[in-house]
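Below you'll find the structure, written out as structure tokens, and then a few comments.
What follows is calculated from the coordinates using simple rules that are stated; it is not laboratory data. Everything numeric in this text was worked out from a predicted model, so none of it was measured. For neighbour counting, all protein chains shown are included, and Cβ atoms are generated from backbone atoms with ideal geometry for every residue, glycine included.
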């Protein structure tokens, strides 16, 4: 059994995939395996992989199953102590695995970890931060810590964070097994992509697992969406107007799913900040993104399913709800 399984899901990633794979095969820690699943790419992604790396096996789907389902398959099919969930538009520094495993091995209660992820732009490395973890606010806005800031070593401490971004996280397999629901690690009801990493971070928290940032483990990510901890509502609205309708719908609906499943039990401390924030967002959608009102209708339609999952999550928690207070900024 390998120490680490690197699970790479591809979809129309011809411009990225070789750089991503080259960074994998250049790792200083060599006790790992690679599993590639292609979500029915319509470009040359698979051909490029097979031409450059004919020894690799690529599982080719006949349809696009999206992030959650494909990575759930990869986690089930792999055997390892740790799992790296890797996006095709990520490049790892050579000692990424070595540094991440070193911290994970130091404490068996660390369920997930992230490196210092900087941004790729036009396949070039930059000094701007993509993510060093997830931040949750009292109103349950979720953001990428440090996103958009220039890296000046301000996040260079190895320390706990609320959760980790889904770009290239490392998870402890035992932690994933402890929080799976309906045999799913990432919730497949979230559809193609967006916020499934936040949902998983919450479930790991409820089960008492720790999450750490490991800034000496470097990686680069070509991100198209994401909210930073310093973005105000006006900036968020501006960025939404630059996104596709599909992205905005998925992001809004899946955010509502996260809140419906994971919001701590009702009390005024949690309820009112969330209520006013969600009311503001709903009014914005009602006026400027009318098509996305159907996201609310999907939440209502799936309310029974969401309630059952919420009951399972909160019913199985091993922490006190007050333990979450320190994470709500």
Using a Förster distance of 51 angstrom, determine the FRET efficiency expected from the C-beta separation of residue 1 and residue 43, and round it to 0.05. 0.90
With the 8 Å Cα cutoff and a minimum separation of six or more residues, the chain has a relative contact order in percent of 19
Could you identify which residue out of 23, 131, 153 has the top mean-square fluctuation in a GNM of the chain using Cα springs shorter than 10 Å? 153
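The chain: D in µm²/s via Stokes-Einstein (Kirkwood Rh, Cα pairs, 20 °C, 1.002 mPa s)?
The estimated diffusion coefficient comes to 106 µm²/s.
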Can you tell me which of 281-289, 51-59 comes out highest on packing, and rank the rest after it, using the mean Cβ neighbours within 10 Å? 281-289, 51-59
Angle check, please: helix 303-315 long axis (alpha carbons) against the longest principal axis of the chain (alpha carbons), in degrees 0 to 90, nearest 10. 80
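Okay, helix-only estimate at 222 nm for the chain: each DSSP H run of n ≥ 4 adds -39500 (n - 2.57), divide by all residues, round to 500 deg cm²/dmol; what do you get? Write out the running numbers ahead of the final one.
Numbers: 11 runs with 127 residues, N = 329.
One gets -12000 deg cm²/dmol as the mean residue ellipticity at 222 nm.
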How would you rank 124-130, 303-309, highest first, on the average number of other Cβ atoms within 10 Å across their residues? 124-130, 303-309
With a ≥ b ≥ c from the Cα gyration tensor eigenvalues, square-rooted, and the rule rounded for a/c under 1.5, otherwise prolate when a/b > b/c and oblate otherwise, the stretch 110-213 is prolate
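Work out, step by step, the length gained on full extension between residue 177 and residue 50: first 0.36 nm times the residue separation, then minus their alpha carbon distance; give nm to one decimal.
Difference between extended and current length: 42.5 nm.
In whole angstrom, how long is each semi-axis of the equivalent ellipsoid of the stretch 260-303, when you take the square root of 5 times every eigenvalue of its Cα gyration tensor and sort them from largest down?
Over the Cα atoms of the stretch 260-303, the ellipsoid semi-axes are 22, 15, 5 Å.
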How big, in percent, is the set of alpha carbon pairs in the stretch 1-146 lying more than 20 Å apart? 53
Degrees, to the nearest 10: 66-77 long Cα axis against longest axis of the chain: 60
Between residue 284 and residue 311, take the C-beta separation as r, use R0 = 45 Å, and let me know the FRET efficiency to the nearest 0.05. 0.90
Nearest-ten-degree value, helix 196-206 long axis tilted from longest Cα axis of the chain: 70
